[in-house]
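Beneath this line is the structure, given in structure tokens, with notes to follow.
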Amino acid sequence: MEQITSSDGYTQPPPYAALRVKAIQSLLVDKGLVVEDALNEVVDLYENRIGPKDGAAVIARAWAEPEFRQQLLDDGTGTLAELGMTGFEGAHVVFVENTDTVHNVVVCTLCSCYPWAVLGLPPAWYKAPQYRSRAVMEPRDVLQEFGTFVPDDKEVRVWDSTAEIRYIVIPERPAGTEDLTVEQLAELVNRDSMIGTRLATPRQEAIA
Amino acid sequence: MNGVHDVGGKHGFGTVTTEEQEPVFHGQWERDVFSVIGLYFAAGLCPLDEFRHSIEVMDPAEYLSTPYYVHWLRAAENLGFWNDLFTPEELEARITELESNEKEGL
Amino acid sequence: MRLLQANEVHDAIRTPTNFTRPDAPPTRFSVGDRVTVRNLNPTGHTRLPQYAKGRTGVISIHHGFFVFPDTMAHGEGDQPQHLYNVRFTVGELFGKHGGNPDDHVYIDMWESYLDEASS
């Protein structure tokens, strides 16, 4: 498919943006509605502290411990809450499992719903209309743009996040990883594999 | 509402563009926008669906031609107006003030 | 809006909103039921995507009794309803476009978005 929109279009601000948001921030601070330290804190939380490494640790443990994997599938929300991975954009979580016969992928066609509490903030492509428009209609074509080829005899399941349920994919565990620790397995769980647009990283690419 | 935000099954947007080692934010303006909405959420300003709707009522042409965080910028404005945090007049006045400060190099 | 100090932000974002409500009435649908999506066109907020309207699918999950976004967005209260996940074939939604028509799209839908399928 022809590329008709530039990626910069999704990150470069129009000229009015920076000033307008500064004006909003300064109004809120002057009116005593927010404090500047709290503005910095919420950015720091999602920029530096909450992110895909959190979800990767959960998936690695699910690979290593069948009981934990079953718990995640039976009660994702409760299992994550015990680990402290709950809260905003993560009040209700359902894990879906990739298998020999099924490949899952998650989208939000109406806005940009994403399990922040477990994966942090979504990448720009997840929030852009290219992905959101096409993931439901031509999922296999979209997956190919990520380099992910799903064989014809495998069913693709697309989850459109229209409610407060957040879906997270448990990717298939790569072959030849039986001897790895949970910490080493977590290195194989890339962000996109938990969205479903990529597979888990093969051992030889992840661990030197 | 049958708005432009409802993009599932639409043609013409092109291929997905991904970025290797993508940073969480692509510049200070994204951090600034996120900080306002992030605190609106943390402080429980309004239901999440009111936030979603504050984006859906954007000018459709602007929605389709601007990056994601401009959608959030409009949400930050609309939610501020709807919840009586500030008025449109106050916002325009503050923008003018910041602009003239910039010109004077303050 | 509550004034948050920096040291209160973490706990605030780690505290989940409860989107469910108690005292649910009986469900209209059960897992496995065939349902057709109503052709609703409200002018306000809704979580019913255009591409699913009029299409027929199968109830795959009953999530519980959830607040209703269409009213929550407009200060009209939580008006809770049963929330389901409905499975559609890609063929039902988009015809022969887009590869394998036997792939599936799963969409969360509130009870008032749905009718029992006629056949």
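The values are calculated or read from the model by the stated rules, or taken from the named source; none is laboratory data. Being a predicted model, the structure only gives us computed values, none of them experimental. Methodologically, a virtual Cβ is constructed for each residue, glycine included, from the backbone with ideal geometry; neighbour enumeration extends over all protein chains shown.
When you check A:ASP54 against the structure, is it surrounded by fewer than 24 Cβ atoms within 10 Å (Cβ to Cβ), without any contact (Cβ under 8 Å) to a residue 40 or more places away in the chain and either outside the structural domain of A:ARG198 (by TED's automatic domain parsing) or charged (D, E, K, R) (or both), yes or no?
no
Only one of these is at pLDDT 95 or above, among the small types (Gly, Ala, Ser) and over 27 Å from A:LEU39 (Cβ atoms): C:ALA24, C:ALA12, C:ALA6. Name it.
C:ALA24
Among the residues of region A:157-197, how many are of a type outside the set (Gly, Ala, Ser) and either within 30 Å of C:GLU92 (Cα to Cα) or within 13 Å of the chain's Cα centre (by Cα) (or both)?
The total comes to 21.
Just give me the residues in region B:57-106 being among the small types (Gly, Ala, Ser), loosely packed, with under 12 Cβ neighbours inside 10 Å and farther than 25 Å from A:GLN12 by Cβ, in sequence order.
Result: B:SER100, B:GLY105.
So which residues in region A:155-166 are facing chain C (nearest Cβ under 8 Å) and outside any loop (DSSP other than H, G, I, E, B)?
A:GLU155, A:VAL156, A:ARG157, A:VAL158, A:TRP159, A:ASP160, A:ILE165 - these are the residues of region A:155-166 that are facing chain C (nearest Cβ under 8 Å) and outside any loop (DSSP other than H, G, I, E, B).
Show me the helices (runs of 4 or more DSSP H) entirely contained within region A:113-154 in which 1 or more residues are within 19 Å of A:THR11 (Cβ to Cβ) and more than 10 Å from chain C (Cβ to nearest Cβ).
A:124-127, A:129-134, A:139-145
Only one of A:HIS92, A:HIS103 is buried (at least 21 other Cβ atoms within 10 Å of the Cβ) and farther than 23 Å from B:PHE41 by Cα; which?
A:HIS103
I'd like the full set of residues that are in a loop (DSSP other than H, G, I, E, B) and modelled with pLDDT under 95, limited to region B:62-101.
Selection gives B:THR66, B:PRO67.
Is one or more of the residues making up region B:73-85 touching a Pro at 6+ places or on another chain (Cβ under 9 Å), farther than 26 Å from A:VAL29 by Cα and at the interface with another protein chain (Cβ under 7 Å from one of its Cβ atoms)?
No, region B:73-85 has no match at all.
For region B:30-54, name all the residues that are touching a Lys or Arg at 6+ places or on another chain (Cβ under 7 Å) and within 7 Å of chain A (Cβ to nearest Cβ).
Residue satisfying the conditions is B:ASP32 alone.
Specify the residue that is nearest to the other protein chains (Cβ to nearest Cβ); the eligible residues are those in region C:61-105 that are hydroxyl-bearing (Ser, Thr, Tyr) and surrounded by fewer than 23 Cβ atoms within 10 Å (Cβ to Cβ).
C:THR71
Yes or no: region B:17-32 includes at least one residue that is touching a residue at least 12 places away in the same chain (Cβ under 8 Å), under 18 Å from A:CYS113 (Cβ atoms) and within 16 Å of the chain's Cα centre (by Cα).
There is no residue in region B:17-32 that is touching a residue at least 12 places away in the same chain (Cβ under 8 Å), under 18 Å from A:CYS113 (Cβ atoms) and within 16 Å of the chain's Cα centre (by Cα).
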